Structures are given as C-alpha cells and as structure tokens.
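One structure below.
The values are calculated or read from the model by the stated rules, or taken from the named source; none is laboratory data. The shown structure was predicted, so the numbers you read here are calculated from the model rather than taken from an experiment. Cβ: placed from backbone, ideal geometry, glycine included. Neighbour counts: every protein chain shown.
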Amino acid sequence: MDNKTAVIVGAGIGGIATSVFLARNGYKVKVYEKNEFPGGRCSGITRDGHRFDMGATIYLMPSIYRSVFESMGLKIEDCFQSLPLNTLYKVYFEDGTEIPFSANNVIMQSSLEETEPGSYQKARRYISTGYGFFELAMKKLIGRNFYHLFDFITISNMILLMKLKTYIRHIAFARKFFRHPHLVKAFTFQNIYVGQDPNKAPALFAMIPAAELTEGSLVPAGGMYKITEALISHAEKLGVQFFYGKAVSRIKVNKRMAEGVVLEDGEETTSDIVVANADLPYVYHELLPDRRISKRIERLKYSCSAIVIHWGLDKTYPQLGHHSVFLSDNYNSNLNCIFKDHSISDDPSFYIHAPSRTDPTAAPDGEDTLTVIIPSGHADEKKPQDWNERLHKVRQSVINRLKKLGLTDIDDHIKFEFSYLPHDWKNIFNLSKGATFGSLGHNIFQMGYFRPHNRHKKYRNLYFAGGSTHPGNGIPLVLLSAKLTTERILKDLP
C-alpha cells in the first residue's frame, strides 16, 4: 500500500477530504487545482478588512461534520472554534410578519402561536418527524455506498422510501401540519440549500429544517474557510501535495483504466488511481473522451444557481441578524422563474448573511459585511438571460426591501461591492450550467444508486467525490462523499 499513488482533480472540500482519507491509508497523493486557492465554494475573500464566505455560509448538520472529522482522526474543537447561533435566522414576509427560528423555545413558541394558534406543538411534531427522516436516511440511504442495483432495489429499501415519504411533495407534507401559508413556506424554503424547488422536492427534505432546529446551526470563527484551512493543514501533515493554478486538461485513459492526468501546461503525471473532485458533469464533458455518457448526463435534472452580491459598508445595521431570509409575496412565481424558466424574478426572495453579528472579525469596527444570496435559474443555452441586466433589477429590489426594514440609507453607505452571476460560477469553478448549489438536483431518480456513481463504469480506477455524485450536494454530504469514495477505493483496491 505504501507505493500506491493517487491524483485528485480539484481542491474543493471533497477533494481535500478525500486526500486526507487516502493519505491516512498509505497513498501518496497529489492534488491539482485550477484556481490559485483551495476550497472551491468553501473558500473566502477579504477586502479592506471585510471578510466574505465565497459560497456556503451556514454550518449545518454538525453531527455529520463531527463524524467525518473523527474518521480522519480529527476533533472539530481542535481545528476551529464553533460559535453557536441562538437565533438560526429570522424569516421576513412582506406583510410585516417575522418568524425567528430560534434555539430558545419560548421565543419560537411565541412567534409561531402568534402566526397560527396551536402551531407550536405541530411544529414540534414536524421537527421530530423530519429529524426521524434524517436519522433513518443517514443510516440506510445517505451514509452508505450502493455497489450494485440490487443493493438499492430491495424490499426493505422500498419500505424505507415509503417511510421517508419520498412519494409526497415536501410542500404537501408541510400542509399536513400547518394551515398558515407563512408557516408552510418557513418550514420548506430550506430546500433551496441544496438547490431544490420547495414545491417539487420530496417530503424527505423536511430533514433539513428539522436538523437545523434539532442540532442547531454553528458558525466557524473566522468564516467557513476555516474548515478548508483545517483540512488542508491536516492533509499536508500527512504528506499530501497541493498544486494551485494547475488546471487539468484531460484524464489519461487506456482501455479500461485511467493512467493519470494531463495539465493545461502540457505536464503529465501518472498514478494508480484518479479521483475527480471537479464537477462530475464537467469531468464527463471536458476531461473524458466518451461523449455518449456526457450527453446522457446533460439530460439529467440540474439544480439552481444564484446571484450573489457582497457589500462592504461603512456603517452597521443592527436590524439584521446573522442570517436573515426575505420571502417575497410572489414566492411561488419566484420558484417558477427559477426552476421552470431558468431566470429570476424582478421581486425575488433572498437571504442576507451578516457574519459580524457573531464574529466581529468579519468587519472593521463600526462597519458591516453583508452578503446577499438571491436564488436564480441556472445558465441555460436554450433560455439565455442577460444576467447583468437581471443583477441591476434584483439589486434594486433588495435595496427597496431593506429600506422597508429601516435600512433607509443603505445605498449611501456601500463602500464597495462585487457580485457573482451564474456564468461566473461556471467559469470560476467549472460548475455545469453555473448551478452553484451543486450542479445535479436531488429528485428521487437522482438519489442513491440512481445518482451518478462514485466510480466510473468503464475506467475501474477512476473515482468521483463531490456534490454531483453520491450522496449529494452541500458541504456535509460532500464530506460524506469523500469518506464513501475512499471506502469504495479501499474495497476495490485493498
């Protein structure tokens, strides 16, 4: 085993985690990253003393982080400081209703009962049921490999899928608990975290808000990039070599084996195995020769994208908490724009991250760091959009909504801003269609065995780790992907 070598394409969080697992099992690992920085969308940006998370801003499902880190021989508390959020976020509606999702049951009960009498006990049942989905799915569906079709298609798994309510839409499931439309939306919008339409996703995804409210939501002191830094540091101690600014142009294959990679500068390297952490559809389309499989993957369902605006302000706005969610009166129309038209509404729902509420190092004293995330359709060649024009319109809509909250002079206090559009996510991170929440969606036919596998069907030593393979997207599942892919490698090549 000491002589085994591995090349990993991409230093996203999945690639870094995979490098740790492989190095712990005796592999000599090289990681090639096209950008000059590691982490992919779990990286960070600092400008003029303002610190921004590039992508993920929410540290969800801490139980998965703990489990995966322990599998690497790490304790999270030794890697970075986790700051708890008493109020996970507050949901704002245009009629003035505010619903805080809080770890404080008294606050939560007061808000829910004011919106719909009797809803607090219903919410407790909803959360308990949803967390039951989470625990069952983790054990039987998400946290394991499926090596063969009949590992997945079994009588017990068919019963499992029934128990997980995969045949019911999440929105319909939520309506069994809540009558008020505000509560239905407040307990289902979280599907967007994994790029799913709350009106179409299966009820299984009730596990997301349930896990939030059961396990809590944490913030790494110093930003989400601290997770990346911790893994990079551990990988380097294990001898993993990282090469930045080194884009891979193709994966070398011969008959039924991958032999290594060729870089854009012409350099070649060989290895016993190749693990692609780059976006899976991109790998099939750009780095491998088989266009037939690439076309098949092109026909799969893709998740949504986002317009992201970063603001550095010379003033603080205490009206905003750490996480704030603003849902539009045209909520369902918004979702149709995103998931059907692959566009974005002029009056969108959006989310704001204000990290200095919990971590003062995110902004200079007396100033503010804000990130606005506006879910949008992914880039679609059949439905082209003028994304710069859309940015101008939705930015003004966000400003107008914030002024109603009391941030009346916010546009006078923006020191600088920069933004990312769907094509930016595609160009910077090679994300297919710019689908920044993880390119492939999570409908029932793209889960478990039916999701693109973490080993190539033809090239038996070519593996995948990341959001578009099993088990799915979002940092917790990408960390699990690294663990499961390594388990498969060690099973195939003991």
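Going through segment 310-327 one residue at a time, which ones are polar (S, T, N, Q) and crowded, with 20+ Cβ neighbours inside 10 Å? Even if it seems obvious, please write down each step before you answer.
Going through segment 310-327, the residues polar (S, T, N, Q) turn out to be 316, 319, 324.
Selection gives SER324 alone.
Which one of these is without any contact (Cβ under 8 Å) to a residue 24 or more places away in the chain and surrounded by 15 or more Cβ atoms within 10 Å (Cβ to Cβ): LYS252, LYS246, LYS237, LYS295?
LYS252
If you scan segment 156-182, which residues turn out to be of a type in the set (A, V, I, L, M) and either under 21 Å from GLN196 (Cα atoms) or crowded, with 20+ Cβ neighbours inside 10 Å (or both)?
The answer is LEU161, MET162, LEU164, ILE168, ILE171, ALA172, ALA174.
Report whether or not ASP48 is acidic (Asp, Glu), touching a residue at least 60 places away in the same chain (Cβ under 8 Å), crowded, with 22+ Cβ neighbours inside 10 Å and more than 28 Å from GLY260 (Cβ to Cβ).
Judged against the criteria, ASP48 is not a match.
Out of PRO375, PRO360, report the one residue that is farther than 30 Å from ILE251 by Cβ, in contact with a Cys (Cβ under 9 Å, 6 or more places away or on another chain) and of a type outside the set (Phe, Trp, Tyr).
Checking each option against the conditions leaves just PRO375.
Scan segment 123-131 and tell me whether some residue there is surrounded by fewer than 19 Cβ atoms within 10 Å (Cβ to Cβ), at negative phi and either without any contact (Cβ under 8 Å) to a residue 12 or more places away in the chain or among the hydrophobic types (A, V, I, L, M, F, W, C) (or both).
yes
Is there a residue in segment 306-326 that is closer than 27 Å to ALA354 by Cβ, part of a helix (DSSP H, G or I) and either in the same structural domain as PHE350 (by TED's automatic domain parsing) or modelled with pLDDT under 95 (or both)? Before the answer, list the steps.
Taking segment 306-326 as the starting set, the residues that turn out to be closer than 27 Å to ALA354 by Cβ are 306-326.
With the extra rule that they be part of a helix (DSSP H, G or I), the set shrinks to none.
Checked segment 306-326: no residue is closer than 27 Å to ALA354 by Cβ, part of a helix (DSSP H, G or I) and either in the same structural domain as PHE350 (by TED's automatic domain parsing) or modelled with pLDDT under 95 (or both).
Among the residues of segment 93-104, are any of a type in the set (A, V, I, L, M) and farther than 18 Å from THR358 by Cα? Write out each step before concluding.
Restricting attention to segment 93-104, the residues satisfying the condition of being of a type in the set (A, V, I, L, M) are 99, 103.
The next check asks that each one be farther than 18 Å from THR358 by Cα; those that pass are 99.
Checking segment 93-104: at least one residue is of a type in the set (A, V, I, L, M) and farther than 18 Å from THR358 by Cα.
Select from segment 328-363 the residues that are among the β-branched types (Val, Ile, Thr) and part of a loop (DSSP other than H, G, I, E, B) and write down the one among them that is farthest from the chain's Cα centre (by Cα).
Residue satisfying both the conditions and the ranking: THR358.
Does segment 287-301 include one or more residues that are of a type in the set (Lys, Arg), under 25 Å from the mean Cα position of the chain (by Cα) and assigned to a helix (DSSP H, G or I)?
Checked against the condition, which is being of a type in the set (Lys, Arg), under 25 Å from the mean Cα position of the chain (by Cα) and assigned to a helix (DSSP H, G or I), segment 287-301 yields at least one hit.
Of the numbered conditions (1) of a type outside the set (Ser, Thr, Tyr); (2) touching an Asp or Glu at 6+ places or on another chain (Cβ under 7 Å); (3) surrounded by fewer than 19 Cβ atoms within 10 Å (Cβ to Cβ); (4) assigned by TED's automatic domain parsing to the domain that holds GLY474, PRO62 satisfies every one except a single condition; which is it?
In the conditions (1) of a type outside the set (Ser, Thr, Tyr); (2) touching an Asp or Glu at 6+ places or on another chain (Cβ under 7 Å); (3) surrounded by fewer than 19 Cβ atoms within 10 Å (Cβ to Cβ); (4) assigned by TED's automatic domain parsing to the domain that holds GLY474, PRO62 misses (4) alone.
This table checks each residue for (1) under 24 Å from ARG250 (Cα atoms); (2) buried (at least 24 other Cβ atoms within 10 Å of the Cβ); (3) assigned by TED's automatic domain parsing to the domain that holds SER19.
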residue	(1), (2), (3)
ASP386	no, no, no
ILE399	no, no, no
ASP412	no, no, no
PHE418	no, no, no
PHE445	no, no, yes
ARG455	yes, no, yes
HIS470	yes, yes, yes
ALA482	yes, yes, yes
THR486	yes, yes, yes
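Contact list please: Cβ distance under 7 Å, first residue in segment 184-198 and more than 16 Å from GLY438 (Cα to Cα), second residue outside any loop (DSSP other than H, G, I, E, B) and among the basic types (Lys, Arg), pairs at least six apart or on different chains.
Note: pairs meeting the criteria are VAL184/ARG175.
To keep it simple, each residue is scored yes or no on (1) modelled with pLDDT of 95 or more; (2) under 25 Å from VAL478 (Cβ atoms).
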{"site": "PHE93", "(1), (2)": "yes, no"}
{"site": "PHE134", "(1), (2)": "yes, yes"}
{"site": "SER156", "(1), (2)": "no, no"}
{"site": "MET162", "(1), (2)": "no, no"}
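Quick one: which of LYS426, LYS415 is in a helix (DSSP H, G or I) and at pLDDT 95 or above?
Unique residue meeting the criteria: LYS426.
Say we look at segment 365-384 and pick out the residues that are without any contact (Cβ under 8 Å) to a residue 12 or more places away in the chain and under 19 Å from SER432 (Cα atoms); which of these is surrounded by the most Cβ atoms within 10 Å (Cβ to Cβ)? Step through it out loud before you land on a result.
Of all residues in segment 365-384, those without any contact (Cβ under 8 Å) to a residue 12 or more places away in the chain come to 365, 381-382, 384.
Checking the rest, the ones that are also under 19 Å from SER432 (Cα atoms) come to 381-382, 384.
Working: GLU381: 7, LYS382: 5, PRO384: 10.
So, considering only residues that are without any contact (Cβ under 8 Å) to a residue 12 or more places away in the chain and under 19 Å from SER432 (Cα atoms), the one surrounded by the most Cβ atoms within 10 Å (Cβ to Cβ) is PRO384.
Considering segment 197-224 alone, what residues qualify as being in a loop (DSSP other than H, G, I, E, B) and of a type in the set (A, V, I, L, M, F, W, C)? I'd like the intermediate steps shown before the answer.
Step one: list which residues in segment 197-224 are in a loop (DSSP other than H, G, I, E, B), which gives 197-201, 216-217, 221-224.
If the condition is that a residue be in a loop (DSSP other than H, G, I, E, B) and of a type in the set (A, V, I, L, M, F, W, C), then ALA201, ALA221, MET224 are the ones that fit.
Of these, ILE192, ILE227, which one is in a helix (DSSP H, G or I) and at pLDDT 95 or above?
Criteria check complete, one pass: ILE227.
If we only count strands (runs of 3 or more DSSP E) wholly inside segment 5-80, which ones have 1 or more residues that are closer than 20 Å to PHE418 by Cβ?
Fully inside segment 5-80 and qualifying: 44-47, 50-53.
Which residues, taken from segment 1-51, are basic (Lys, Arg) and out of contact with any helix residue (DSSP H, G or I) (no Cβ under 7 Å at 6 or more places or on another chain)?
Correct list: LYS4, ARG24, LYS28, LYS30, LYS34, ARG47.
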